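Shown next, in structure tokens, is the structure this report addresses.
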């Protein structure tokens, strides 16, 4: 295989490898770096690549091991996180880019990106797993690799891989919401989109009571990269009041989607200025017609969502 052909074939797997690294690390930015690292390692080892070998599986092996290297360094540098609010490196993933990863007649081996495997609650929960358990879980339960394939990639035994998977699943059962198994929708539903429109309208019209009507009483709000968490309406009400009071200026919100979940991009026009500038991205988890969780991010990923730089 020529160098140009090898490079072209690697590039065919770029987006799905990015999603894989994103699941492993929880960070969009780090995933981009790890895809580059994967391609660099693959390029350096190209002379040893056997064309009879499955290139996709070979690249996943390299990418997974590159991620494990990062996680080992991260473990030494930071204390172990015990709750999703402490996963301060979590970043959103634009649905437009997730849509670029899909099975096709040419690529039937690609696994569709379902909400239950890319949702923020799932990602935050698996960040609490030890690195090898996380790798086994992603390979087995997300990519649907066999126990033998997983053990081979991680250079371990099948019983060891199965044991790691059982421990990872047990931890997730404790960490994930009870409704996790129902997150099958490939994108926000019509009902969720309608609720998102109400959420946007309540913010722009300054109606905190309408916001309260949209959320569950036990709503949870997190704000990566800040290790803070708000639980329940009593804690959240002051935020709703401030967001709708006009104290900070005027708001405009645009509906979008991230991690297969409805989201709202907020732009703020500070009093005395003419331009609405990017301020935050709220990603909503909706259960039974109510907002159960809001994950609020900064505006760094607006361009990836195809959102304007200002309004």
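The values are calculated or read from the model by the stated rules, or taken from the named source; none is laboratory data. Quantities reported herein were computed from a predicted structural model and do not represent experimental measurements. Cβ sites come from the backbone with ideal geometry, for glycine too, and all protein chains shown count toward neighbours.
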* Residue that is closer than 30 Å to residue 112 by Cα, in contact with a helix residue (DSSP H, G or I) (Cβ under 6 Å, 6 or more places away or on another chain), in the same structural domain as residue 199 (by TED's automatic domain parsing) and surrounded by fewer than 20 Cβ atoms within 10 Å (Cβ to Cβ), where the choices are 255, 227 -> 255
* Asked: Would it be correct to say that residue 288 is in the same structural domain as residue 226 (by TED's automatic domain parsing), within 30 Å of residue 217 (Cα to Cα), surrounded by fewer than 18 Cβ atoms within 10 Å (Cβ to Cβ) and out of contact with any strand residue (DSSP E or B) (no Cβ under 7 Å at 6 or more places or on another chain)?
  -> yes
* To do: Return yes when residue 164 is touching a helix residue (DSSP H, G or I) at 6+ places or on another chain (Cβ under 6 Å) and either buried (at least 18 other Cβ atoms within 10 Å of the Cβ) or in a helix (DSSP H, G or I) (or both) and no when it is not.
  => yes
* Output the residues belonging to the range 1-41 that are at pLDDT 95 or above and more than 23 Å from the chain's Cα centre (by Cα). => 40, 41
* Asked: Which one of these does residue 145 not meet: (1) in contact with a helix residue (DSSP H, G or I) (Cβ under 7 Å, 6 or more places away or on another chain); (2) in a helix (DSSP H, G or I); (3) over 29 Å from residue 223 (Cα atoms)?
  -> (2)
* Which condition does residue 186 not pass, out of (1) modelled with pLDDT under 90; (2) surrounded by fewer than 18 Cβ atoms within 10 Å (Cβ to Cβ); (3) in contact with a helix residue (DSSP H, G or I) (Cβ under 9 Å, 6 or more places away or on another chain); (4) in a helix (DSSP H, G or I), if it passes all the others? -> (4)
* Asked: When residues of the range 73-103 are filtered for being in a loop (DSSP other than H, G, I, E, B), over 23 Å from residue 11 (Cα atoms), out of contact with any helix residue (DSSP H, G or I) (no Cβ under 8 Å at 6 or more places or on another chain) and modelled with pLDDT of 70 or more, how many remain?
  -> 1
* Among the numbered conditions (1) part of a strand (DSSP E or B); (2) surrounded by 14 or more Cβ atoms within 10 Å (Cβ to Cβ), tell me where residue 239 comes up short. => (1)
* When you go through 244, 222, 271 one by one, which is the residue that is touching a helix residue (DSSP H, G or I) at 6+ places or on another chain (Cβ under 9 Å), in contact (Cβ under 8 Å) with a residue 12 or more places away in the chain and outside any strand (DSSP E or B)? -> 244
